[in-house]
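Below: the structure, in structure tokens.
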Amino acid sequence: MSTQNLKIAIVIVCLLALLVLVPMGNSFVVLLATRAMAFAILAMSLDILLGFTGLASLGQAAYFGVGAYLTAYLANYYGFGLKWDFWLMIPIGMAVGGALAALFGLFAIRATGTYFLMITLALGQCVWGLAYRWNSVTGGDNGITLKGGRPQFGIDLTNDINFFYLTFAFFAATLFALYVLIRSPFGKSLLGIRERELRMRILGYNVWLHKYIAFIIAGAFGGLSGVIWAHANGIVTPETVVLTTSVDALLMTVLGGAGTLVGGAIGSAIVFGLREYVSTLVPWWQYVLGGVYVLTILYLPSGLMGIPERVRQWRNSQKKRETTKMTTAPSSH
Amino acid sequence: MNTQFWVVQAFNGVSYGALLFLVGAGLSLIFGVMRIVNLSHGSYFLLGGYVALSVIWITGSWALSIPIAVIAIALVGLVMERLFLRPEGRAKNIRDALIALGIALIIRLSLGRLLPQMIPGQIGNIVQVTLVVAIIAVPIYLVLQRISAVAIEADTLRQVLMTVGFAFLFQQAALDLWSGNPFDISPPPALTQSVSLGGMSFPLYRLFMIVGALVIGILLWLAMEKTRMGAMVRATVDDAQMARGVGIDTNKISMFIFALGAGMAALGGVIGGAFLGVYPGLDFEMLPIAFAVVIIGGMGSLGGAAIGALLVGLADNFGKALFPELAYFTLYAPMVLILALKPTGLFGRD
């Protein structure tokens, strides 16, 4: 149990370091960290499906997009969510994300493997199609610009550093909530489903319901990340719900390490860093991004978080080889 | 909404379906034979269009651009399949060498950006860049040789992410080679006329597309049903392990099918370039539509791909004409329903 406590301590130290260091950076760094954290919530929500339930979803951007579009729409047309009622926007965004997942889950949960990938892709494309073409609501290709800016209610969120603190709070809260979830008996049964679905079914677990609830929870946190993203970005376009956004979230989770929660956050930081920082340096930044995709898949089966474990295994195998050498050496004489 | 509207829309839908058949059939066969979900299929479509453009700019011949684009992209697909998706034996060393060179090139170019005073010239002369890249690549190659790569044959998620990575690489390469400007591929004047029939005029080019797709579809069908090679492909789709057991070289089959699929997507890119255009981003626009075709028809079935292409082409055209605000929704909602009710698609076997 002490290694577990050590890991928690490391995560807390890292979080505190972020909290202290990022506001000391320039405005570019603050905004980059804010956006990466908002997206990290999406990546962690996807990890609940991918890492802890074994469901690879290609449509997680749908919940993200719904949360973001709803926030932008209500703010622009009704002025809702720009004062203290911003705090209402959070549960509303989560409820809408969860409700959409509850609807989509009815279609998707029965499918497995490739078919689950395909059906979540199709569901995500449905949402994208509406965002792209339903001009009267979504603004079509141009999207919705949040004209009212960020919420102000005593705390001035138009200040980037204040908004960073808010995003950080939601990021940390999500990390904590999802950690509690995966440590709960429910989370343990999800792990059981990931490992041996048939055995769980034979043991009498309602596998469908477990998956369905996990799907809804992931959707709810996807909605939450969308609400924050809308304000972090200032504009919501069909790019928010496009297929590559879902794929990005998947890559972040796999790059950091699926089934570790913090892996998604690390992956998000790396991909955002690459995309927003490298693209200011060189025009060919997409080679770097594509390269990261290919190298992650080929050489990091358990992600960055899995590297210590891999090194340990490698060392053990080296040791074994040495001991076998020592034991076989005298006999050969 | 007179008959003319319905006829014209149906005609446009069918001709768009003909184009989609070229893209979808290859994707469907690749999935059927290799169980690989290939997200760089849209890139083959786009690259096909770009290669054809280059051929037209150099030689001025549209007819020549088609076979060259098809062969070039089929080779790209072949290399991708041999080196990255199913590497065996020596191919793994070549893959490692390619990756090492790629990383070395990125490091060299970054050095030029970050420390221009250290290495003279932005890109410098080619000899110098090649030398530096080669020197950096050697240690990377040696390290890669010691790390065992993960096999991705049985893991759909890893295939998806790897092929998306390639799609990004192709996208950037296309941007570097052909700039970000949108282009059109203009077909020869003989094909740009219209035929009038019953008081309505039909563009000859779209008729050509329908006939072309029909011919290719029938040829493929004959090849699949009547030849020994086709029988081996069908056996591999049904049960790859059993096919291997009775002595079919499924390795060769999958190589052949991957090249064929990539080539067909490129053909679609050349032909579609006349009315869709050729522009950055077209790859990720075509990709989900191609998946809709494959899913609706059923993965691994040629006839299914034809029906799926026709349905998607019609749904797309009528959707855009009748419910413009719901246009793409009317395309993907049926895909969801079919997946939920009959996951193997309308004509899939499983």
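The values are calculated or read from the model by the stated rules, or taken from the named source; none is laboratory data. In this text the structure is predicted, and so the values were computed from the model without any measurement. Glycine also receives a Cβ, built like all others from the backbone with ideal geometry; neighbour counts cover every protein chain displayed.
Of all residues in the stretch B:172-189, those that are away from every other protein chain (no Cβ under 14 Å) and within 13 Å of B:ILE271 (Cα to Cα) have Cβ atoms under 6 Å from Cβ atoms of residues that are of a type in the set (Phe, Trp, Tyr) and surrounded by 13 or more Cβ atoms within 10 Å (Cβ to Cβ), 6 or more apart or on another chain, in B:PRO187/B:TRP62; B:PRO187/B:TYR205; B:PRO188/B:TRP62. Within the stretch A:216-241, the only residue that satisfies the criterion of being within 14 Å of chain B (Cβ to nearest Cβ) and surrounded by fewer than 22 Cβ atoms within 10 Å (Cβ to Cβ) is A:GLU239. Here's a check for you: in the stretch B:62-105, which residue that is surrounded by 21 or more Cβ atoms within 10 Å (Cβ to Cβ), within 18 Å of the chain's Cα centre (by Cα) and among the β-branched types (Val, Ile, Thr) is farthest from the other protein chains (Cβ to nearest Cβ)? If we take residues in the stretch B:62-105 being surrounded by 21 or more Cβ atoms within 10 Å (Cβ to Cβ), within 18 Å of the chain's Cα centre (by Cα) and among the β-branched types (Val, Ile, Thr), then B:VAL70 is farthest from the other protein chains (Cβ to nearest Cβ). Among the residues making up the stretch A:99-108, a single one is surrounded by 24 or more Cβ atoms within 10 Å (Cβ to Cβ) and either over 10 Å from B:VAL336 (Cα atoms) or facing chain B (nearest Cβ under 7 Å) (or both): A:ALA101.
The residues of the stretch B:313-350 that are touching a residue at least 12 places away in the same chain (Cβ under 8 Å), crowded, with 18+ Cβ neighbours inside 10 Å and closer than 30 Å to B:ALA235 by Cβ, listed by number, are B:MET335, B:ILE338, B:LEU339, B:GLY345, B:PHE347, B:GLY348. Going through (1) surrounded by fewer than 18 Cβ atoms within 10 Å (Cβ to Cβ); (2) within 11 Å of chain B (Cβ to nearest Cβ) one by one, A:LEU251 falls short only on (1). Taken across the stretch A:291-307, residues that are of a type in the set (S, T, N, Q) and within 11 Å of another protein chain (Cβ to nearest Cβ) do occur, with at least one present.
Considering only the stretch A:132-153, I want to know if a residue exists there that is at pLDDT 85 or above, under 29 Å from B:LEU157 (Cα atoms) and surrounded by 15 or more Cβ atoms within 10 Å (Cβ to Cβ). So far as the stretch A:132-153 goes, yes, one or more of its residues are at pLDDT 85 or above, under 29 Å from B:LEU157 (Cα atoms) and surrounded by 15 or more Cβ atoms within 10 Å (Cβ to Cβ).
Per the listing A:VAL66, A:VAL13, A:VAL30, the residue uniquely assigned to a helix (DSSP H, G or I), farther than 13 Å from A:ALA218 by Cα and free of Cβ contacts under 8 Å to residues at least 40 places away in the same chain is A:VAL13. Residues that are at negative phi and among the small types (Gly, Ala, Ser) within the stretch A:85-113 comprise A:GLY93, A:ALA95, A:GLY97, A:GLY98, A:ALA99, A:ALA101, A:ALA102, A:GLY105, A:ALA108, A:ALA111, listed in sequence order.
Quick check, is B:GLY49 touching a strand residue (DSSP E or B) at 6+ places or on another chain (Cβ under 9 Å) and of a type in the set (Gly, Ala, Ser)? Yes, satisfied. Exactly one residue among B:ALA223, B:ALA235, B:ALA213 is away from chain A (no Cβ under 14 Å) and over 28 Å from B:TYR16 (Cβ atoms), and that residue is B:ALA235. Return yes or no: is A:LEU123 more than 9 Å from chain B (Cβ to nearest Cβ), touching a helix residue (DSSP H, G or I) at 6+ places or on another chain (Cβ under 9 Å) and surrounded by 19 or more Cβ atoms within 10 Å (Cβ to Cβ)? Considered against the rule, which asks whether it is more than 9 Å from chain B (Cβ to nearest Cβ), touching a helix residue (DSSP H, G or I) at 6+ places or on another chain (Cβ under 9 Å) and surrounded by 19 or more Cβ atoms within 10 Å (Cβ to Cβ), A:LEU123 comes out as no. The sole residue among B:VAL14, B:VAL51, B:VAL8, B:VAL55 that is surrounded by fewer than 18 Cβ atoms within 10 Å (Cβ to Cβ) and under 27 Å from B:ARG206 (Cβ atoms) is B:VAL8. I'd like to know if the stretch A:269-278 contains one or more residues that are crowded, with 22+ Cβ neighbours inside 10 Å, facing another protein chain (nearest Cβ under 7 Å) and under 18 Å from A:ALA61 (Cβ atoms). Checked against the condition, which is being crowded, with 22+ Cβ neighbours inside 10 Å, facing another protein chain (nearest Cβ under 7 Å) and under 18 Å from A:ALA61 (Cβ atoms), the stretch A:269-278 yields no hits at all. The set of residues in the stretch A:69-98 that are in a helix (DSSP H, G or I), of a type in the set (A, V, I, L, M, F, W, C) and over 26 Å from B:PRO288 (Cβ atoms) comprises A:LEU74, A:ALA75, A:PHE86, A:TRP87, A:LEU88, A:MET89, A:ILE90, A:ILE92, A:MET94, A:ALA95.
Within the stretch B:137-171, the residues that satisfy the criterion of being surrounded by fewer than 22 Cβ atoms within 10 Å (Cβ to Cβ), assigned to a loop (DSSP other than H, G, I, E, B) and within 7 Å of chain A (Cβ to nearest Cβ) are B:ILE147, B:ALA149, B:VAL150. Set side by side, the residues B:PHE84, B:PHE11, B:PHE21, B:PHE5 differ, and just one is under 18 Å from B:MET255 (Cβ atoms) and of a type outside the set (A, V, I, L, M), which is B:PHE84. Residue pairs whose Cβ atoms lie under 7 Å apart, separated by 6 or more positions or on different chains, with the first residue in the stretch B:249-276 and touching a residue at least 60 places away in the same chain (Cβ under 8 Å) and within 17 Å of B:PHE291 (Cα to Cα) and the second buried (at least 24 other Cβ atoms within 10 Å of the Cβ) and of a type in the set (D, E, K, R), are B:PHE258/B:GLU81.
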